[in-house]
Amino acid sequence: MDNKKSYRFASIAEIHAAYLAGETTVRAVTEEFLEAIEKYNPYLHAVIEVNPDALAIADQLDEALGLLRRHARPAGGADPAEGGADQSSPAGGASPAELPLLFGIPVLLKDNIATGDQLHTSAGAAALADLLCPEDAPCAANLRQAGAVILGKANLSEFANYYTEGNPNGWSARGGQCVSPYEPVPEDLSTFELGNYKQEDHFDPSGSSSGSGVATAAGLCTVAVGTETSGSILSPSCANGLVGLKPTAGLVSNEKVIPISSTLDTPGPMARCADDCAILLAGLAGLDQAELEEQYRKAADAFSGKLSSLRLGVIAPKDPDKRGSWDPTEEEYQVFDAFLKTLEASGVQLMRDARRGPNKGIMELMQYEIKGSINAFLDWANADGERTAMHSLTDILDYVHAHPESSPYGHSLLEARDKDTSGRMDEPEYREALEMRRAAQKEMDEYLEENQLDAIIGMDFPGFAPFGGFPAVTLPLGVAKEGKYPGYPMAAFLYARPGQDLRLLAIEKALAALWPAMPRPAL
């Protein structure tokens, strides 16, 4: 019987403590995740591509870890990793805070985030399957600087779910159909094959960061990076029982990410707990330990067991007669109501019937920005020599037409945008949408300030947050017991004023501590 300790579901702090205590190595942890991907990914389809350099990166980090241990060890002391006696603190004096934020942490990146290594960057599309980018996106470069082990690229809804209509979430030409780890495994796995799969018959992995969500929930990585334009981090985080944060627009660079909207797009963290989400956000944004301590850990400590100062606006449930297929079920609203009662009993101040916030204009921003944004990304990718035969959105669609087998669901949205927009982003409707966004930002920022609200909480998707560029986070609330999908995850959403990302995560942590922990998938 193998008694080796597993780190697949360990937190970042737990993994760092194990490194410093000499209980494991970066290579061993990385190997465990690679083995998990090899075992489960043929079913889950959460990972498009594994990094061939992952173990080499792990070995380099182990060398650095050895130097840290030797530096931290007092004179005459023995390294715990070499069988020596343990000192008063891990590694004879070193502490987890002395490691870079993401040192030795296995991370998956959504396959629209450029990396300047042997990994391809394709947004899941067959047309871009050969693209090796010239350099890292800034957010990926920040992760490397913070010591992360980039395990590979996660599957997604192709082109971040802005390519066609009627497609299932989590499908891409390169990655296949991503599968929820919470769904009971059927006896006949052919139900997930192209042509057999009907989304309404299955647990929705949601999208577009489907693979990032599924992989994190299933323990194929410690944390993962998704990207959001309108719901693509928040929705799959909800669907996979995760704490996922859509950052304030601009906090994490969206440069060198295959785009939908240069105004709305943002990479962001997806994790199993608020602490890990905060650390990954800090890594993505290029923050250091001191900034993480000041903006997150102090706030989390202040909220711990002391919630009477917290004031939340509550979005009222939608009228049952006006609910659509994407809206919460009656059971979800009942769970939310019970959660609110728990918050009130703990001293949280609730202001009922808070504004949802407007998001009219968001579709126009995507409509008029995608063509020019994709063309600009391809110009950058090919700037130092042709790295892909695709030089424009038109080239991508020409490829699709020449290879219809790569496009079983069509590319109707991209075709429409190629025909009905200039790519110059000078249409009057586009400028009007930008004005609507500015007005909405001002309106909701003033509303939160005037009502002294720390955040707004609701059970249904906060469409204003991605439109306005405000930070938003998911708060897992367990799994459904009734309806068509018993066992499917449920979550609430919170959003706050711009720049309060880490404080919002501290609020999420404090509220989540009042509720039962999210169960792991049975897989």
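Throughout, read-outs are computed from the coordinates displayed, never taken from laboratory work. Note that the structure is predicted; figures quoted are calculated from it, not measured. Glycine gets a Cβ as well: all are built from the backbone with ideal geometry, and neighbour counts include every protein chain shown.
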>> Under the 0.36 nm per residue contour assumption, what length would be gained going from the current alpha-carbon distance of Asp321 and Ala517 to full extension?
In response: 67.3 nm
> Say the dipole of the chain comes from +1 at the beta carbon of Lys and Arg and -1 at that of Asp and Glu; which of Phe461, Ala506, Ile113 then lies farthest toward its positive end?
Replying inline: Ala506
>> Going by Cα centres, region 448-497 and region 342-362 are how many Å apart?
In response: 9 Å
> Asp53 versus Glu482, label points 7 Å from Cα toward the beta carbon: distance in nm?
Replying inline: 5.3 nm
> Given a Förster distance of 35 angstrom, what is the FRET efficiency for Asp420 paired with Arg352, based on the Cβ-Cβ distance and rounded to 0.05?
Replying inline: 0.25
> Restricting the count to DSSP beta bridges whose residues both fall in the chain, what percent are antiparallel, rounded to a multiple of 5?
Replying inline: 65 percent
> Can you give me the Cα centroid spacing of region 223-296 and region 1-25 in angstrom?
Replying inline: 25 Å
> Is the shape of region 254-355 rounded, prolate or oblate, going by the alpha carbon gyration tensor and its root eigenvalues a ≥ b ≥ c, with a/c under 1.5 for rounded and a/b larger than b/c for prolate?
Replying inline: oblate
>> Loop by DSSP (not H, G, I, E, B), at most 16 other beta-carbon atoms within 10 Å: where is the longest site-free stretch of the chain for chymotrypsin sites (Phe, Trp or Tyr not before Pro)?
In response: 10-325
> So if we plug the beta-carbon distance of Asp130 and Lys306 into 1/(1 + (r/R0)^6) with R0 = 56 Å, what FRET efficiency do we get, rounded to 0.05?
Replying inline: 0.55
> In terms of Cα to Cα distance under 18 Å, which lysines are near enough to Lys419, apart from those fewer than 8 places away along the same chain?
Replying inline: Lys371
> Given a cut-off of under 8 Å on Cα pairs at least six residues apart, what relative contact order in percent is computed for the chain?
Replying inline: 16 percent
> Cα gyration tensor of region 406-484, axes a ≥ b ≥ c as square roots of the eigenvalues: rounded (a/c below 1.5), prolate (a/b > b/c) or oblate?
Replying inline: oblate
> Quick one: net charge of Ala455's neighbours, Cβ under 10 Å, K/R +1, D/E -1?
Replying inline: +1
> Hey, got a sec? Which trypsin sites (Lys or Arg not before Pro) in region 330-396 land in a DSSP loop and have at most 11 other Cβ atoms within 10 Å?
Replying inline: Arg352
> Full extension from Phe9 to Ala402: what is 0.36 nm times the residue separation minus their Cα-Cα distance, to one decimal in nm?
Replying inline: 137.1 nm
> How far apart, in nm, are two points set 7 Å out from the Cα along the Cα-to-Cβ line at Ala28 and at Val185?
Replying inline: 2.7 nm
> Working out 0.36 nm times the residue gap between Tyr43 and Lys341, then minus their Cα-Cα distance, what length gain in nm do you get to one decimal?
Replying inline: 103.3 nm
> Under a point spin-label approximation (7 Å from Cα along Cα-to-Cβ), what is the Arg70-Ser392 distance to one decimal in nm?
Replying inline: 5.8 nm
